[in-house]
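Following: one structure in C-alpha cells, then a few remarks.
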Amino acid sequence: MEPFIVHTGRVAALPRANVDTDQIIPKQFLKRIERTGFGPALFFDWRYLPDGAPDPAFELNAPKAAGATFLLAGENFGCGSSREHAPWALGQYGFRAVLAPSFADIFHGNCCQNGLLPVTLPAKAVQELFARYDAAPDGYELTVDLLTTTVRDPRGFESAFDISAYRREMLLHGLDEIGRTLQQEDAIAAFERAHR
Amino acid sequence: MRTLFDKVWEAHVVTTRFAGTRDAGGPALLYVDLHLVHEVTSAQAFEGLRLAGRRVRRPELTLATVDHNVPTGDRRLPIADEIAAKQLSTLVRNAREAGIELHDLDSPDQGIVHVIGPELGLTQPGSVIVCGDSHTSTHGAFGALAFGIGTSEVEHVLATQCIVQSRPRTMEVRFLGRPRAGVGAKDLILALIRRIGTAGGTGSVLEYTGEAIRALSMEGRMTICNMSIEAGARAGMIAPDETTFAFLESRPRAPKDEAWIRAVDAWSGLRSDPGALYDRTVVIDAAALGPQVTWGTSPGMTAEITERVPDPADAPSEVERQSYRRALEYMDLSPGTPLAGLPVDRVFLGSCTNGRVSDLREAASVVRGRRVARGVRAMVVPGSQRVKAAAEAEGLDRIFSDAGFEWRNPGCSMCLGMNEDILAPGERCASTSNRNFEGRQGRGGRTHLMSPAMAAAAAIAGCLVDVREVISRN
C-alpha cells in the first residue's frame, strides 16, 4: 500500500450527502476479478450521458475539477454496499483523499486498506471548503497532512481532522495489516486452543 | 452488567495489544467463527493470498456460494455473460484449491449467502460472522455479531481467521406493542430508518428489543437485522430465545444430541443483563405503525402508504432539502402526490431481506386467486434452492404462476441488478429488497421498497396500494 504522509493537490467538489457506493461504482463493473481498471467507471451513471459522452453538468467534469487529487463531499459518504471497488475506483481515478463531515463505516475501513485517506472534518469546515472552492474560478488547492492531521490552504484555512491512531500509523507507513496480524500467531493459536 | 453485544465481543477478543497501538481506544483482534464467501468480493482476496504466498488458515470455518452474479432463468443453459461466467468459475477454482465448501449453481443448497447460512444451521447464537457483503448484519437475528467487510478484510480473514475492529457503541432499539394486521418486520425496520436516518446507526451495533421483536418469527427478525446497515449500523442483534432454538433445532449443521443441549444452555445466557447500559436508546411504538413505503432514493426516505410525497421545502435542513429535490426529480414525483395510486411497471419479490419461505407465504396470501394487473411484470426470486423447494412443496409456485408472476431460480437478482434482471430507464418498481439508491436496480429505474405483502398487493392493483384494503376485499 502506498503510504500517505502529506499531499498537496487540486480539489473536486461534490456537494451531495449520502453518496452511496452504488453511485461511486455501479454494479455492472463488479464482475472483474482484478483490482485494477475501475478508474474510468467511477461515478459512471452521473459522469456520462446515456450516449457515453461526459455529462458537462456533473461536478467532476467541470474544468476546474480536472486533475483533482482530493474529493470534497457531503455527509455519510460511501454508504450502502461494502464493495471495495469503490475506493479502488476513487484511487485509480487519481484521488488520494476524500474529505467529508462523515463516512459510512465499511467504506471508511476500505479506504484505509487502500491508502485512500478518509478525512473527517467538522461540518463547518467542510462548508467553508465548499465556499472557497466555489469562489476559486480556476480551481482550488489544498494540503492534507497526516503527520499533523491537519488540512490547510495557502490563504489561511486550517482545520484539524480525526483519525484513529491505528489507522494513522497504518497509512503513514503503508503497512500490510495481514503481515502484522500474522505476527500475533501465538495469541491466535492460544485462542484456538482455548475455544475449540 | 453487560449487553448482548458486550458478551459476544468479549468472548472473541484474541488480543488488544498488537500492531503497536497502546491507546485504550485502539482496535481489537477478533476471532471469526464463520466466514461466508461469494463470487463478487472474493476473487481479488484469493489472488492477494496467492501473490503473498499465504494459505487459508481455517477452510472448514469458511463457506462459499454463488449468488450476486448468477442468472435466475433456466439453469441448464450456459451463462451468456462471459465476464460473469469467469467470475463464477474463479470462485470454483479458489474454493477447490483452498479446500472450502462451495455451493455452486447445481447444488441443492445454493442460494443467497445470508439465506443459506441460517437455513443450514451454520448461523449460531454468540458467534462472530463476517462476509464481504454489507447485509451480513442479517445473521445478528440469532444473537450473532455479524457484519460486512471489504475485500482486503476478506483476504485478512482468510489468512488469519481474525478481523481488526474498533469497539463500536451500542444502541437499543425497543419496539413497543404488537403491530397491527398488514404491518410486519419490513415496516418496523423502514420506520426505524426513517426515524434515525441512514447514518443514525454509524459506529454502533443495534440491539432490537421489545414485545414486537419477541413476537417475530426468525425470518422477520432476519429482515430487521438485514437492514441495520441501511441505518448505517455496523451490525444488528437480537437475543436468542425459544423461537431461535426452535428454528435451529434439527438444521443440518446445528449441534446434535448432547451437544445441542449444551449449546442451548450456553445460548440461553446470551441476553443483555437487566440494567445493562446502552450508549443510546430509541423507542418506537410498533402498534402505531402502518405499512411503510419508500418514496425517494435513500431508505430513510420512507412514509406510510397513507401519506403523500413530501415537499422538499418542509425538510429540516438545507442539505436534506437538496437531497429531497434531487430524489423527487429522479423518482419523477411531485410534492403532495398520494403514494397510494402511483402506477408500477415491475414487482420484485426476493432478496436477502425478503426472499425466505415465510415472505413468499405472506405475498402468496395476498395473491391467491387474483391476477397481476395488466402491463405489470412481476417476478418471484426465492432466496435459495431450499426456499424454492419448500415453496413448491406448499404449492406457492402455482399460486404465483397462476396469477401471472414469473417463478425464477435463486440469487440476488434485481436487488442489485448484476445479472440480466434489471429495470429499464424510467420503470417504477415495487420491491421487497433493501436499497432504493439511484440506478440500483438498473440505470434510471425507480425503486419503492416495501414488505412482501405490500409488493404483492401492488402487483395485483398495478399501483402502490395499502395492503390492508386488498386483504379486506377477501
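The numbers here are math on the coordinates, done by the rules we state, and not lab data. Only a predicted model underlies this, so the values are computations on that prediction, with no experimental measurement involved. Note: ideal-geometry Cβ built from the backbone for every residue, glycine included; neighbour counts use all protein chains shown.
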- request: Using the Cα centre as the reference, give the magnitude of the dipole from point charges on the C-beta atoms of chain B (Lys, Arg: +1; Asp, Glu: -1; all else neutral), rounded to the nearest 20 debye.
  value: 140
Lys/Arg +1, Asp/Glu -1 at C-beta; the range B:349-460 dipole; positive extreme among B:L360, B:L349, B:A459: B:A459
- request: Name the helices (complete DSSP H segments) of chain A with a Cα length along the long axis of 18 Å or more and a Kyte-Doolittle mean of at least 1.6, or state none.
  value: none
field: Set of aspartates and glutamates with alpha-carbon distance to B:K256 below 15 Å, sequence-local pairs under 8 removed
entry: B:D265
message: Within 10 Å of each candidate Cβ there may be at most 15 other Cβ atoms; applying that plus a DSSP loop requirement, which GluC sites (Glu not before Pro) in the range B:99-173 survive?
response: none
message: I'd like the FRET efficiency for B:R325 and A:K124, computed as 1/(1 + (r/R0)^6) with the beta carbon distance as r and R0 of 22 Å, rounded to 0.05.
response: 0.40
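Given the Cα-Cα distance of B:R262 and B:E211 and 0.36 nm per residue of separation, how much length would full extension add, in nm?
Gain on stretching B:R262 to B:E211: 15.6 nm.
Can you give the relative contact order of chain B as a percent, counting alpha carbon pairs under 8 Å and 6+ residues apart? Let's see the in-between values first.
Values: 1123 pairs, mean separation 80.3, N = 474.
Rounded, it is 17 percent for chain B.
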statement: Taking the alpha-carbon centre of each part, the distance from the range B:396-451 to the range B:175-211 in Å is 23
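Determine the shape class of the range B:148-272: with a ≥ b ≥ c the square roots of the Cα gyration tensor eigenvalues, call it rounded for a/c under 1.5, and otherwise prolate if a/b is greater than b/c, oblate otherwise.
On the way: a/c = 1.98, a/b = 1.05, b/c = 1.88.
Cα axes put the range B:148-272 in the oblate bin.
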- line: Projected onto the charge dipole of chain B (unit charges on the beta-carbon of Lys, Arg, Asp and Glu, signs +1, +1, -1, -1), the Cα from B:A393, B:V164, B:A303 with the largest positive-side position is that of B:A303
- request: Assuming a ≥ b ≥ c are the square roots of the Cα gyration tensor eigenvalues, decide whether the range B:351-463 counts as rounded (a/c under 1.5), prolate (otherwise, with a/b larger than b/c) or oblate.
  value: oblate
- prompt: Taking the simple approach of a point 7 Å from Cα along Cα-to-Cβ for both A:A135 and B:A287, what is their distance in nm?
  reply: 5.7
task: Run the dipole for the range B:161-302 about the Cα centre, Lys and Arg Cβ at +1, Asp and Glu Cβ at -1, nothing else charged, and hand back the magnitude in debye, nearest 20.
output: 360
query: Could you state the number of Å between the C-alpha centres of the range A:147-161 and the range B:251-291?
result: 47
message: How far apart, in nanometres, would the label points at B:S166 and B:S89 be if each is projected 7 angstrom from Cα along the Cα-to-Cβ direction?
response: 4.3
query: Given a Förster radius of 30 Å and the C-beta distance between A:M1 and B:D81 as r, what FRET efficiency does 1/(1 + (r/R0)^6) yield to the nearest 0.05?
result: 0.40
query: For the range A:1-152, what is the percent of antiparallel DSSP beta bridges, rounded to the nearest 5?
result: 40
message: On C-alpha positions alone, give me the angle between the axis of helix B:43-52 and the longest principal axis of chain B, in degrees, nearest 10.
response: 20
